[in-house]
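The values are calculated or read from the model by the stated rules, or taken from the named source; none is laboratory data. Source: prediction; values computed, not measured. Because the Cβ atoms are built from the backbone with ideal geometry, glycine has one as well, and the counts that use them run over all protein chains shown.
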Amino acid sequence: MQKRFSVLTVVFLSLLMSLWSSDISANDAPVTIIESVNVVDMRTGEVRPNMSVVVEGTRIVEVAADNLSNAKSSNTAAESSSGTRIINGRGKYIMPGLGEMHGHIPPLTPFQGMPERYMNDVLFLYLAGGVTTVRGMLGYPHQLTVAQQVANGERDGPTLYLAGPSFSGNTVSNLRQARMRVAEQAQAGWALLKVHPGLSLNQYVTMANEAKAHGISFAGHVPEQVGIHHAIIQGSRTIDHLDGYMAATGGMTEPVPEGELRELARFTRAHGVGVVPTQALWATIIGAGDPAVLLAYDELKYVPKPIREGWIRYAQNPNSSYATVATAQIHAENRRRLLRILHEEGVEILLGTDAPQLFSVPGFSIRREIAFMQQAGMSNLAILQSGTIAVGRYFAAEDSFGLIEPGARADLLLLEQNPLEQIDTLYNPAAVMANGHWYSREIIQQRLADIAAAYN
Ligand SMILES: [Zn+2]
C-alpha cells in the first residue's frame, strides 16, 4: 500500500514538474550535434576547424573532426524520430560558457519592493550574458533549493555554487560563534564561507581552522584587522575586489612603487591564492567611474526600476561619499597596475563582477569587466581563460567544465567570430548552452525584451 502510494506520488510530482517546466525558456533535445564548427581550445587558444561537438543530456560526449564523428552518421537519419537536434556550425566558433566568480542571487522572496520575478530574471540575465556558472557570494534561505532546481532543469539559470550567509562583525561576536557558524554552514551544504569586513584576526583564524577541519573553503573580503598577509597565509581561497592590497600599501591615496606590488603578487602566487578583481564595479565605488558613461549603459533597462533609480541617483549626485574622493584616479591606477602585476606573476585571475550591484548588471557586467582587464594588459586568451579554464580548475572537485571536451558539463557558447580575435562577439552569442539546455539567440532576445518590458 505504501509503495503504491509512493508510485502515485511520483506520477503526481512529475505531472507537477511538467507543468512547472512550461516556465522554462530552454529549447531542449535529447542529443544536440553542432557540426562543422571551429572549437576554441582554452588551454592554448588553438582553433580546431571542422569539428562536430555532440551533447547528450547535460554532457559533452564527443568532440571530433566532422568526418570522424560517430554520432553524426548514426544520428542524422534518426533526426526526426529520436529528437536529435543538428546545428550547422559552419563559420561559427564554440568556446566554454563563462563563470561569474563573484555573483549574487537575489532572495527567493522579493525584498524592498522588488518584483516577484526578479530572481528568475537575474538567473536568466546571467545566461544571456554567456555566464553558465556562478559562484554565489552571499547565501539566503532557500538558495540551495534554487541551485538544486537549476541543476535538475526545473529552472533556467547557470550552475550555482553558493556561499552561505556572511561572516562579519555583525554575525560573529566570539570564537565559539565563529566555530559553530562554520559547522552549521558546512553541514547545510553551502559550497563556501563568505567573509565580510568586521572580523578580528582571532575570529578569522578560528574560522579558517574550523573551515579546514570541515573541508570547506572561505573567500571574499579581507577584514581590516586581518590584512592581506594573514588572509593569504590563512588560505582565503580567493581575494575578491583586490581587497586588502591597497590597504597594505597606502594605494588608496598615493602611487605605490611597482616593487611593492610585485612582492605582494609573488606572495599571493606562492600561497596559491586566486583573485577575483571586480575592477569595473570598484572603479564606480571608489569614484573613478564616469557618470556619463555609466548612465549610458544600455543594459540598465534590465534592472527593476527601484534599483535602477538608486544607481542613477548615486551617479548623478556629485556629493555622494565616493565621488568626492579626490584621489580616486590614483587609487584606480594602482588597482590597474596591481592587476597587471598579479597576472604577470602568474596569480590565478578569476573573472567576476559582483553583479547585481551598482551599474553591474548580471551577465552584461562581464563586458565592462573585460574592458578593465584589457586595460591592465591581459590578452584576450588570458581574459577568456579567467572565465573558463580557471573557473573549471577552481571547481575541479565539484564537476568537470571550462573546456570543450568529452565528459565536460555541456556549458558552451556558439559565437559568430573567433573570440580571441574579436572578443565582443561574446556579447551577441548565436546560442548559449547551460548544463545541456539550449538557448538560441531568438530565445535570449525574446526573454530579454520581456524583462525590459516588465521593468520599464
Ligand atoms: Zn559581492
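Please find, within segment 242-264, the residue that is nearest to MET101 (Cα to Cα) out of those that are part of a helix (DSSP H, G or I) and touching a His at 6+ places or on another chain (Cβ under 8 Å).
So in segment 242-264, the residues part of a helix (DSSP H, G or I) come out as 245-249, 258-264.
From what's left, touching a His at 6+ places or on another chain (Cβ under 8 Å): 246, 248.
Values: MET246: 21, ALA248: 24 Å.
Per the stated criteria, the residue is MET246.
Can you name every residue in segment 143-191 that is part of a helix (DSSP H, G or I) and of a type in the set (Asp, Glu)?
If we filter segment 143-191 for residues that are part of a helix (DSSP H, G or I), which is where we start, we get 143-151, 175-188.
If the condition is that a residue be part of a helix (DSSP H, G or I) and of a type in the set (Asp, Glu), then GLU184 is the only one that fits.
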Check: Out of curiosity, is LEU261 within 16 Å of the ligand (Cβ to nearest atom), touching a residue at least 40 places away in the same chain (Cβ under 8 Å), assigned by TED's automatic domain parsing to the domain that holds THR206 and buried (at least 20 other Cβ atoms within 10 Å of the Cβ)?
Finding: no
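Which residue is farthest from the ligand (Cβ to nearest atom), if the candidates are limited to segment 94-110 and must be in a strand (DSSP E or B) and either of a type in the set (A, V, I, L, M) or over 17 Å from TRP438 (Cβ atoms) (or both)?
Within segment 94-110, the first condition is being in a strand (DSSP E or B), and the residues that meet it are 94-96, 98-103.
Applying the additional criterion that residues be either of a type in the set (A, V, I, L, M) or over 17 Å from TRP438 (Cβ atoms) (or both) yields 94-95, 98-103.
Working: ILE94: 31, MET95: 26, LEU98: 17, GLY99: 15, GLU100: 11, MET101: 11, HIS102: 5, GLY103: 8 Å.
It comes out as ILE94.
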Notebook entry, point to check: So, of the residues in segment 205-220 that are buried (at least 20 other Cβ atoms within 10 Å of the Cβ) and modelled with pLDDT of 95 or more, which turns out to be nearest to ALA265 (Cα to Cα)?
Noted result: ALA219
Next item on the list: Only one of these is under 27 Å from TRP282 (Cα atoms), surrounded by 23 or more Cβ atoms within 10 Å (Cβ to Cβ) and of a type in the set (Val, Ile, Thr): VAL226, VAL182. Name it.
Entry: VAL226
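Taking only segment 126-142 into account, find how many residues are assigned to a helix (DSSP H, G or I) and within 16 Å of the ligand (Cβ to nearest atom).
To start, the set of residues in segment 126-142 that are assigned to a helix (DSSP H, G or I) comprises 126-128.
Okay, now just the ones that are also within 16 Å of the ligand (Cβ to nearest atom), so 126.
The qualifying residues number 1.
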Check: Restricting segment 264-298 to residues that are without any contact (Cβ under 8 Å) to a residue 60 or more places away in the chain and within 16 Å of the ligand (Cβ to nearest atom), which is farthest from ILE330 (Cα to Cα)?
Finding: TRP282
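Residue-wise test of (1) at pLDDT 90 or above; (2) more than 30 Å from ILE370 (Cβ to Cβ); (3) buried (at least 21 other Cβ atoms within 10 Å of the Cβ); (4) touching a helix residue (DSSP H, G or I) at 6+ places or on another chain (Cβ under 8 Å).
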position	(1), (2), (3), (4)
GLN2	no, yes, no, no
PHE5	no, yes, no, no
TRP20	no, yes, no, no
PRO30	yes, yes, no, yes
ASN38	yes, no, no, no
VAL61	yes, yes, no, yes
LEU68	no, yes, no, no
ASN75	no, yes, no, yes
GLY89	yes, no, yes, no
Next item on the list: Report yes if some residue within segment 306-322 is buried (at least 19 other Cβ atoms within 10 Å of the Cβ) and in contact with a Lys or Arg (Cβ under 6 Å, 6 or more places away or on another chain); otherwise report no.
Entry: no
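Kindly establish whether GLY346 is touching a helix residue (DSSP H, G or I) at 6+ places or on another chain (Cβ under 7 Å), in the same structural domain as GLY139 (by TED's automatic domain parsing), over 27 Å from VAL432 (Cβ atoms) and modelled with pLDDT of 95 or more.
yes
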Check: Taking the stated definitions as given, is ALA452 at negative phi and surrounded by fewer than 22 Cβ atoms within 10 Å (Cβ to Cβ)?
Finding: yes
